[in-house]
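Step one of this worksheet: look at the structure below.
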Amino acid sequence: MDATQWDERYRASAGGVWATQPPAVVREIVSPLAPGRAIDVATGDGRTALWLAERGWSAVGVDFSSAGLALAAARPGGDAVAWVEGDVHEWEPAASADLVVSCYLHLPDSATVITRIARWVAPGGTLVVVGHDVQNIAAGGHGPTDPAILYTPELLRGALDEGFRIERCERVVRTSADAELRDGHPAAAVDTVLHAVRVS
């Protein structure tokens, strides 16, 4: 989907498309971290950036959908986040970040994009990526059905260079209690999660 299609989807939604909280695995990884500067890549209607700002992070939410960003900015706490309209293939932050997080960004060149956003992480900073795993198709979970754009642990691990220490890179099962959609989803889903720290 391009930016125009996402704009249409957000405009047609009643109050937003996605759940109001970030994925549980993102909350688990990020909660122990000391707040600093954070970039939420493909923020959509803002759930992760808003959650970060509530916890003291100086958060930037980046997305190529102006309609998604409008929903995000209108939410309670929306004025605490810097919302930026930008394409992940072209946009560059003004400074590196202590945390770069990306939830469910699926593109034909996902590995290249993850390599690109990893460069935004400051030394000592954290990268968190979560998205639908290729096994999610057979599991019947919500999400894309094109295996070419889905994740595997091997894909995410291979997107990083030796400047990162990988803390975790594995498949996780997300239950219906941790649904991606605002109105929930009845089936469990299979995701891949990457948690890495820049060491140099």
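State the percentage of accessible surface on the stretch 109-177 attributable to carbon and sulfur atoms; use a 1.4 Å probe and exclude ligands, DNA and RNA.
Working: 1650 of 3180 Å².
Exposed carbon and sulfur together represent 52 percent of the surface.
Rounded if a/c is under 1.5, else prolate if a/b is larger than b/c, else oblate: which is the stretch 17-99, with a ≥ b ≥ c the root eigenvalues of its Cα gyration tensor? It would help to have the intermediate numbers written out before the result.
On the way: a/c = 1.57, a/b = 1.16, b/c = 1.35.
Judged from the Cα gyration tensor, the stretch 17-99 comes out oblate (a/c at least 1.5, b/c at or above a/b).
When ligands, DNA and RNA are left out and all protein chains stay put, how many square angstrom of accessible area per residue does the stretch 81-150 have with a 1.4 Å probe? Could you put the intermediate results ahead of the total?
Numbers: 2920 Å² over 70 residues.
For the stretch 81-150, the per-residue accessible area is 42 Å².
For the chain, compute Rh as the Kirkwood radius over C-alpha pairs and then the Stokes-Einstein diffusion coefficient at 25 °C and 0.890 mPa s; write the answer in µm²/s, rounded to an integer.
Values: Rh = 16.7 Å.
Using the Kirkwood radius from Cα pairs, D works out to 147 µm²/s.
Can you grab the distance from the C-alpha centre of the stretch 93-117 to the C-alpha centre of the stretch 125-180, Å, no decimals?
13 Å
The values are calculated or read from the model by the stated rules, or taken from the named source; none is laboratory data. None of the values given here were measured: they were computed from a predicted structure. Note: areas computed on protein heavy atoms with side chains; ligands, DNA, RNA excluded. Shrake-Rupley method; radii C 1.70, N 1.55, O 1.52, S 1.80 Å.
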